[in-house]
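Please read the structure below before turning to the comments.
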């Protein structure tokens, strides 16, 4: 079965970082974060990560009540 995956990584905002900086451009690398999650979910959420045909990844700083972590959405790919 072909799958679509969306990963949103919520990373802590350093206190020294100006509020005008909106994008997380520092390490950890987005590709490495995504690969770690995909590998960890092998044989758990799907048989193999080769089933993922549509992948969206994003890094954002935490705000308000949002705690650091990752939001994982997996669904059957359309088409």
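The values are calculated or read from the model by the stated rules, or taken from the named source; none is laboratory data. Keep in mind it's a predicted model, so treat the numbers as computed, not measured. Virtual Cβ from ideal backbone geometry, glycine too; neighbours counted across all protein chains shown.
Structure notes:
- When the test is whether a residue is over 28 Å from residue 14 (Cβ atoms) and at pLDDT 95 or above, residue 32 does not pass it.
- Selected residue (only one of 1, 5 is touching a helix residue (DSSP H, G or I) at 6+ places or on another chain (Cβ under 9 Å), assigned to a loop (DSSP other than H, G, I, E, B) and touching a residue at least 60 places away in the same chain (Cβ under 8 Å)): 1
- Residue that is nearest to residue 13 (Cα to Cα) [pool: residues in segment 35-60 that are in contact (Cβ under 8 Å) with a residue 24 or more places away in the chain and in a loop (DSSP other than H, G, I, E, B)]: 41
- Residues satisfying the stated conditions in segment 29-45, i.e. over 15 Å from residue 6 (Cα atoms) and in contact with a helix residue (DSSP H, G or I) (Cβ under 9 Å, 6 or more places away or on another chain): 42
- Set 27, 19, 13: member being touching a strand residue (DSSP E or B) at 6+ places or on another chain (Cβ under 7 Å) and assigned to a loop (DSSP other than H, G, I, E, B): 13
- Those residues of segment 68-79 which are touching a strand residue (DSSP E or B) at 6+ places or on another chain (Cβ under 7 Å) and more than 14 Å from residue 34 (Cβ to Cβ), in sequence order: 68, 69, 75, 76, 77
- Answer residue from segment 68-79, given it is modelled with pLDDT of 95 or more and outside any strand (DSSP E or B) and is surrounded by the most Cβ atoms within 10 Å (Cβ to Cβ) among those: 77
- Test: residue 63 is in contact (Cβ under 8 Å) with a residue 24 or more places away in the chain and part of a strand (DSSP E or B): no
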